[in-house]
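This report concerns only the one structure given below.
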Amino acid sequence: MTDGLAAVLWDMDGTLVDSEKLWDVALYECAEWLGGTLSTEQRLTLVGSNMDATASYLLTVTGHEPAPAAVARTGAWIRDRTANLFADELPWRPGAREALASVRRAGLASALVTSTERALTELALNTIGRDFFDATVCGDEVGGRNKPDPEPYLRAARLLGVDPARCVAVEDSPPGAASAAAAGCVVLVVPNDVSVAPGPRRVFRTSLAGVDADTLAAIHAGV
């Protein structure tokens, strides 16, 4: 049932766990720390963004110059606050844990591909489980070529030793979907906080509930 599909590549925030709600807390509080505010619309533009881009944006919208030192200081504040929030158990997205388990039982390779930095990802993996993944790629491990650049997904495929064209990537955000599609993956898009536009190599579902290895193989074969 899995002929043709070699691996499944999973985004983390908003896809496997509902951690975007925790990022909400950190980002709104950071804007206040910077002496300003962050609107809901502005927050949604940051879904799928990496740390430096997020810090730079927060500085800009709160009236500060996004100089390198300020970006580094703001990023450190966000990291510390988010680490405290990630230290507790994270809530799963519907069907995500069961989908991961099905892929593992089927013997397919899996990688976690996230814009979240390694230190915070390790905290999240305390909830998600490291045994589900043969490789992990984090936002501070791609030489600045973060999503929507294809490098995160290309790196994951290299680490697994598979052709990206034989992978299904599971994503929830526009930058993530663009990254995976540009890498040559088939993309299963399960939107969470923001809508994702249709595009080549993209298949949409409203939830991961009921998604298993056979579902993913069928999605791959049908694109």
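The values are calculated or read from the model by the stated rules, or taken from the named source; none is laboratory data. As the structure is a computational prediction, the values presented were derived from the model and not from experiment. Positions of Cβ are generated from backbone atoms using ideal geometry, with glycine treated the same way; all protein chains shown enter the neighbour counts. We work out accessible area using only protein heavy atoms, side chains counted, and drop any ligands, DNA or RNA first. Shrake-Rupley method; radii C 1.70, N 1.55, O 1.52, S 1.80 Å.
Odds and ends about this structure:
- Pairwise Cα inverse-distance average, inverted: Kirkwood Rh of the stretch 57-127 (Å): 14.8
- Translational D in µm²/s for the stretch 123-223 (Stokes-Einstein at 10 °C, 1.306 mPa s, Kirkwood Rh from C-alpha pairs): 112
- Paired Rg and Dmax values of the stretch 164-220, which use every Cα atom, in angstrom: 10.4, 28
- With respect to the chain, whose longest principal axis is taken over its alpha-carbon atoms, helix 96-105 is tilted by about 40°.
- Exposure of THR54 as accessible area (Å², to 10), given a probe of 1.4 Å and all protein chains: 10
- All Cα pairs of the chain, percent lying beyond 25 Å: 35
- Spin-label pair SER195/ALA83, simplified geometry with 7 Å Cα→Cβ offset, distance in nm: 3.9
- Distance between modelled label sites at ALA221 and ALA165, nm, 7 Å Cα→Cβ extension: 1.9
- Counting only alpha carbon atoms, the long axis of helix 151-160 and the longest principal axis of the chain meet at about 40°.
- Residue-span extension gain [ASP134 to ARG73] - 0.36 nm each, minus C-alpha spacing: 18.6 nm
- Per residue, the stretch 38-146 exposes an accessible area of 45 Å² to a 1.4 Å probe, with every protein chain left in place.
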